[in-house]
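Report on one structure; see the data block that follows.
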Amino acid sequence: MRQVPPPPLRPATEPTIQSIILAGPYQRAMHDGFDLDAYVSRSRALDLSDIRWDDVARYPLAAEAVRTLRYMQDIESHTIVYLRTLLSTSAIDDPEVATFLACWLYEETFHGRALARFLEAAGADVVQRRRSRAPLPARLEAVLTAALARAWPDFVGVHMTWGAINELTTLTGYRRLAAVARHPVLFELLARIVRDESRHFFFYYRQAALRLRSPAAARITRFLVDRFWAPVGSGVQPTSETRFLAAYLFGDNEGRDAARKVDDRIRLLPGFAGASLLEAWIEREIPPRRSVGSAAGRLSRHGDHAVPWGSAISMRSSSAAIT
Ligand SMILES: [Fe+2]
Ligand SMILES: [Fe+2]
């Protein structure tokens, strides 16, 4: 099929994080609390009506975007594994959290299915893998997490904080992909997914803000995040893939600005002033570059499976998948 140049995207490609979080029906809730009933009543499968699947192959899609989408599709589909760990903790004793998690898994599942459908429409294969058997380190981590959660009820605050960081990172990653890939159908699809992710972020963030009011909870959560947090998908996808995705989405000036905004938001949580998160990880792992255009060129020359921008140090620890 003959490909056509993508039409200009709307200026809304790059709304600010604040505009996503503070716009729409959740603006009041940001101040008054999370309206769980409203969230549950709105929870549904991702709206794919009017997505022009037949047009997907008409527009160019860079190999780097395909590789990034495969990573994201896999992580979205991995949510059920993360939930398995969460269900073995006291998190499910909280009716609000338990209710949210049920809707959250439902919505995340459809994100994975939608990304798979997009990849297939683009002519790219989707790697399905067995998730029932985790590697030994992941199983040990799950056992330790469950034991710690039983011994320390405030451990739920760790999960909520982790979730807030990763949901915000995820929605920022999708926004960056929409801007970098410049594919009109993908742009529309990601805009719809981002709306879900912003609601997920808000729930986790509010829960974290409430639970970290306890100084002990804030202190321990900060310690664990400082020690163990790594970007979404770490420990699920190979480290080289996480670095590739970070370089593609956050390697240029605009990407680093977006990463800084993620961190700025998380630093507002109790006990998280000055926390080093996404931006610091990128600084360690990804050498700087100037613009998206030059990055795409460099990536293309290296091919689909190369790790761009040289080697980097290994990550400190695996990170639960939560999107
Ligand atoms: Fe998602
Ligand atoms: Fe999410």
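Just so you know, all these numbers are worked out from the coordinates, no wet-lab data involved. Since we're looking at a predicted model, the values are computed, not measured. Methodologically, a virtual Cβ is constructed for each residue, glycine included, from the backbone with ideal geometry; neighbour enumeration extends over all protein chains shown.
Just a few scattered comments:
- Fewest-first ranking of TYR106, TYR59, using other Cβ atoms within 10 Å as the exposure measure: TYR106, TYR59
- D (Stokes-Einstein, µm²/s), Kirkwood Cα radius, the range 35-129, 0.890 mPa s at 25 °C: 163
- Environment charge of TYR205, counting only residues whose C-beta is closer than 9 Å and scoring Lys/Arg +1, Asp/Glu -1: +1
- ALA280/ASP154 FRET efficiency (R0 35 Å; Cβ-Cβ; nearest 0.05): 0.85
- Computing Rg and the Kirkwood Rh from the Cα coordinates of the range 60-302 gives a ratio, Rg/Rh, of 0.96.
- Computed over the range 60-302: relative contact order in percent, which uses C-alpha pairs under 8 Å that are six or more apart: 22
- Relative packing of 189-199, 162-172, 218-228, which averages over residues the other C-beta atoms within 10 Å, highest first: 162-172, 189-199, 218-228
- The range 40-81 and the range 136-167 have Cα centres lying 28 Å from one another.
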